[in-house]
Each structure stands twice: as structure tokens, then as C-alpha cells.
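Okay, structure first, notes after.
The values are calculated or read from the model by the stated rules, or taken from the named source; none is laboratory data. The structure presented is a predicted model; accordingly, all values stated were derived computationally and were not measured. Ideal geometry is used to build each Cβ from the backbone, glycine not excepted, and the neighbour counts take in all protein chains shown.
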């Protein structure tokens, strides 16, 4: 499936218009054709069978991705993420359960795109619970339906309506509405037009005392030593990928590492996850051994 990943992940980012034209050339499959191909893939891992199923559903991915254009992200990136979700779907699809592949794949495609939107839309981490995700992707549409697009906080009666329809708490509705209404702002932005003083100057200094600072420094040194030792158990490629993805202040994109190693973004993601699991296990074992020795 590696070559399949490369074919359908990079293309939208390179030339979106041409990509959208090209995917129309792939024929739609009849139910019997799709079932036969899916069984070939499931039984023999026939890459050509998987390719035919995936290529016939690229238009579905593009259509779903277009529905997320309102978040200001490149459509090519949205389609690429949707294709990642479709790759996950083809690996898990069981044709003998009686569903068409499109019905099964839609969930994976939407989930992959939604995760990308949540992680890209704001510098501040959000959408970490099911309720927050539901609010993030439905609040704007629901506000439009009840004619509550006014700026600022929602009226109490509208908060109640949204909370009841989405089955979330009113507190969560208020918090998400405020979060979506106010864009990210830098603390280094000037407080006044004249430029004297920044918003960060108003923050209270909550620094630790010397004893606490020393304790934190010692703990950091200990953790750094454990991590350095655990990294030695990884291969050179795993060390590089985990460093680029997890340890840098500005993580390298999957697409960049995919191009660098000549493998799919999904394969890079798998290596990252496995390497991180190895690190966790090594650090845990090293910590246990350390405490046993003192």
C-alpha cells in the first residue's frame, strides 16, 4: 500500500485543479465489482485491487473535503488528509458485512479531515473531547439556523437551544462560542496604537522560588538523561523522525519527512507512533531500575 499512499496524498498539494480533473477519469464501480476487488485485497493484499477501489472513490474524498473549506485551510491539504483516512478505511473494510465501501469510508475520511482542522485551525489546543469536537463543527451552522449570528456572547435562551440540540452543557456552549469568536492574538501585540507596552506586561509574575527552581532543574536533568538513554534503543531513522516530530519546537510536517524518506505520510506516522511507544517503555524501565538502585 506504500505506493498507493504516495500516489493519492501528494497530488492534491501539487496541482489542485489538475488533480480534480484527473480523478474524474476513474470509473465508478458496480457493487459486484467492488465486492470482488475488496475480497481480492482482503485475501491476497492485491495492490491493484486496492488501487481500483481507492481511485474510484477519490471524488468522494474531494466532495467531503470541500465541505470543510470554511475553516480557511488549503483545500489540497484537506483532500490529502481525507485520502489518509481512506487508506485507513481500505485496510479495515470487510465486504462481507454487506456495506458499500463509500458508506464505510465516509467516517474515516471525515474523521481524518476533522482531526487536521482541529490541530491546524488555532495555535491553542482545542477540541480534545467529544463534546468540544461536536461544538466546533456544528456551532456555527446551528447559530445560523436559529438566527443567532450576533457578535459577542449568545443570549441565554439560544445557549439553551444549542446545548439541548447538541446534547452538551451550556457552559461548554458558552466557552466554545467565545473561543470561535475571538481569533488568536499575540501577547506581544501593543496595548495601544502608540505602541507603548505589550499585553504580556500585564501578566502576573508567578515564578518559583529558588528551592522550587532547583528542584525543577534537577528533575529536568534526570528526565533528559532518561530520554537520552532511551533514544539509543531506536534506529537512526526512528531517532530522526521522533526528534523532528516530537522534540523540536516547530515539528516537521509528515509531508516533508515523507518526501525526505521517499515513503508515504502514513508510513512516517506509523514509524513515529512505534518509536514513541519504544521510548515510553525504555524510559519507564530505566526509571524503575534507577529507583531500585537507590
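Would you say residue 40 is over 18 Å from residue 111 (Cβ atoms) and surrounded by fewer than 17 Cβ atoms within 10 Å (Cβ to Cβ)? Break it down stepwise before answering.
Details: over 18 Å from residue 111 (Cβ atoms): yes; surrounded by fewer than 17 Cβ atoms within 10 Å (Cβ to Cβ): no.
In short, no.
Consider the stretch 43-55. How many of its residues are free of Cβ contacts under 8 Å to residues at least 24 places away in the same chain, surrounded by fewer than 16 Cβ atoms within 10 Å (Cβ to Cβ) and under 23 Å from residue 24 (Cα atoms)?
1
Can you name the residue in the stretch 103-145 that is modelled with pLDDT of 90 or more and crowded, with 16+ Cβ neighbours inside 10 Å and is also nearest to residue 69 (Cα to Cα) among such residues?
Going through the qualifying residues, I end up with 109.
Find the residue count for the stretch 232-268, including only residues that are closer than 19 Å to residue 119 by Cα and free of Cβ contacts under 8 Å to residues at least 40 places away in the same chain.
Number satisfying all stated conditions: 15.
So which residues in the stretch 258-294 are modelled with pLDDT of 85 or more and assigned to a loop (DSSP other than H, G, I, E, B)?
262, 263, 264
Looking only at the stretch 69-86, count every residue that is surrounded by fewer than 22 Cβ atoms within 10 Å (Cβ to Cβ) and either modelled with pLDDT of 90 or more or not in a helix (DSSP H, G or I) (or both) and tell me the total. Outline the logic, then answer.
Residues of the stretch 69-86 that are surrounded by fewer than 22 Cβ atoms within 10 Å (Cβ to Cβ), as a first pass: 69-77.
Pick out the ones that are also either modelled with pLDDT of 90 or more or not in a helix (DSSP H, G or I) (or both) and you get 72-74.
Total meeting the criteria: 3.
Step by step: first the residues of the stretch 56-71, then only those that are free of Cβ contacts under 8 Å to residues at least 40 places away in the same chain and either within 23 Å of the chain's Cα centre (by Cα) or outside the structural domain of residue 20 (by TED's automatic domain parsing) (or both), then the one that is nearest to residue 32 (Cα to Cα). Which residue is that? Spell out the reasoning first.
Residues of the stretch 56-71 that are free of Cβ contacts under 8 Å to residues at least 40 places away in the same chain, as a first pass: 56, 59, 63, 66-67, 69.
Okay, now just the ones that are also either within 23 Å of the chain's Cα centre (by Cα) or outside the structural domain of residue 20 (by TED's automatic domain parsing) (or both), so 59, 63, 66-67, 69.
Numbers: 59: 20, 63: 24, 66: 29, 67: 30, 69: 34 Å.
Here the answer is 59.
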